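Readers should treat all values here as calculations from the given coordinates under stated rules, not as data from a laboratory. What you see is a predicted model, and the numbers here were worked out from it, not measured in a lab. FYI the Cβ positions are ideal-geometry reconstructions off the backbone, even for glycines, and counts take in every protein chain you see.
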Amino acid sequence: MTAAIETAADAAAGGAEPPRPAGRAGVVLRRFVHNRGALAGGAVLLLLFVLAFAGPLISHWDYTHIDYTALREGPDSRHWWGTNRIGQDVFAQTVRGLQKSLLIGLMVALFSTVLASLAGACAGYFGGWTDRLLMFGIDLLLVFPAFLIIAIISPRLRGGGWIAFVGLLAVFGWMITARVVRSMTLSLKEREFVQAARYMGVGPFRVIWRHILPNVASFLIIDATIAVGGAVMSETALSYFGFGVQSPDVSLGTLIASTTGGAVTYPWMFFFPAGLLIVFVLAVNLAGDGLRDALDPTSGHGRSGTSTAKKTREKKNTEEQGR
């Protein structure tokens with residue numbers, strides 16, 4: 001008993017190390033986990049990715065296989081989600097389409113975010129003719145009707161496969177983000193730590209890489225998260241009109257387009273890919289909102305909490321004055 005008391009006293013006196021404060025990543029993760037909507041969105045996204053990439057491994061059918069004994073058959077033990085009009089397994093086709101749409105969304109978001117961060121940071125940091133030239137190009141691309149241009153050019157790039165389609169979507173999806181990064185860079189380059197790095201002779205690109213981009217990383221992460229959903233929707237719309245992923249490959253857009261006519265008569269052919277698309281977009285929005293609130297406490301829940309507290313104080317002061 002005495003030994004236990006002495007051990008506790010030693011720990012209290014400094015024998016045990018005090019717990020270290022959580023870093024920024026830990027704080028962001030804790031805020032994200034405490035947001036139920038964001039946690040649900042992240043869990044759904046994880047399940048969708050598992051379904052997209054593990055689904056073909058557990059299915060007995062390939063998305064190109066045709067079962068001539070089961071044409072437009074409903075879901076059963078052989079075909080879990082039924083078959084389409086030529087006997088292809090709807091589950092195999094849907095998970096293949098989900099996989100393709102997710103890959104396109106991720107790659108478009110990655111390329112457009114990298115391009116926007118580099119162009120916006122360089123325009124804001126260097127200024128002068130570099131800023132004017134980059135902003136002229138960005139404004140010019142914003143004027144062009146992106147959907148129409150992609151619809152015209154994409155048939156000419158069919159030889160390049162879906163990778164060429166990804167590049168085409170990325171080219172027209174980075175301009176707004178670049179303008180925001182430029183405005184943030186204009187403010188950051190006047191900060192003391194950036195000025196100190198410049199006076200110490202650090203090169204401009206090293207300053208951008210080590211001091212500018214890390215300070216806009218929160219915005220870029222949020223923007224990239226939301227851009228995945230936007231890219232999937234764009235791919236779906238273009239594929240629906242025949243300008244996206246080409247046969248024999250499939251995406252959610254091509255599956256929805258090919259089964260729209262039989263949505264009422266053969267609902268399993270239409271509602272499985274359409275339902276996954278809706279679930280994915282909702283999950284991305286929930287996860288994006290939660291990530292924004294976790295990275296920026298003054299947005300979203302932070303603002304609503306502040307507003308509620310302010311209203312509570314005002315109500316209390318009014319009641320005290322009435323008394």
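Restricting the calculation to Cα atoms, segment 187-242 yields a radius of gyration followed by a Dmax of 18.0, 56 Å. A Förster radius of 45 Å combined with the Cβ-Cβ distance from HIS34 to SER247 puts the calculated FRET efficiency at roughly 0.45.
Determine the shape class of segment 91-201: with a ≥ b ≥ c the square roots of the Cα gyration tensor eigenvalues, call it rounded for a/c under 1.5, and otherwise prolate if a/b is greater than b/c, oblate otherwise. Prolate, because a/c is 1.5 or more and a/b exceeds b/c. In this structure, PHE271 and ARG132 have a Cβ-Cβ separation that, at R0 = 45 Å, corresponds to a calculated FRET efficiency of about 0.30. Take the Cα of VAL281, step 7 Å toward its Cβ, do the same at LEU46, and the gap between the two points is 2.6 nm. Restriction of the GluC sites (Glu not before Pro) in segment 158-253 to DSSP coil positions whose beta-carbon has at most 12 other beta-carbons within 10 angstrom yields GLU190. Round to the nearest 0.05 the FRET efficiency obtained for PHE205 and ILE163 when R0 = 25 Å and r is the Cβ-Cβ distance. Rounded to the nearest 0.05, the efficiency is 0.35.
Give the separation of the Cα centroids, segment 211-259 to segment 147-194, in Å. Using only Cα atoms, the two centres lie 13 Å from each other.
For segment 105-194, the set of trypsin sites (Lys or Arg not before Pro) satisfying both a DSSP loop assignment and a count of at most 15 other C-beta atoms within 10 Å is given as ARG191.
If you take the square roots of the eigenvalues of the alpha-carbon gyration tensor of segment 77-126 and sort them as a ≥ b ≥ c, do you get rounded (a/c under 1.5), prolate (a/b over b/c) or oblate?
Prolate, since a/c reaches 1.5 and a/b exceeds b/c.
Over segment 117-276, one equal point on each Cα, no solvent: what is log10 I(q)/I(0) by the Debye formula at q = 0.11, 0.16 Å⁻¹? So the normalised log intensities work out to -0.60, -0.93.
A Cα-only calculation for segment 241-284 places Rg and Dmax at 10.9, 31 Å.
With 0.36 nm allotted per residue and the present C-alpha distance subtracted, the PHE193-SER77 stretch has 35.4 nm of extension available.
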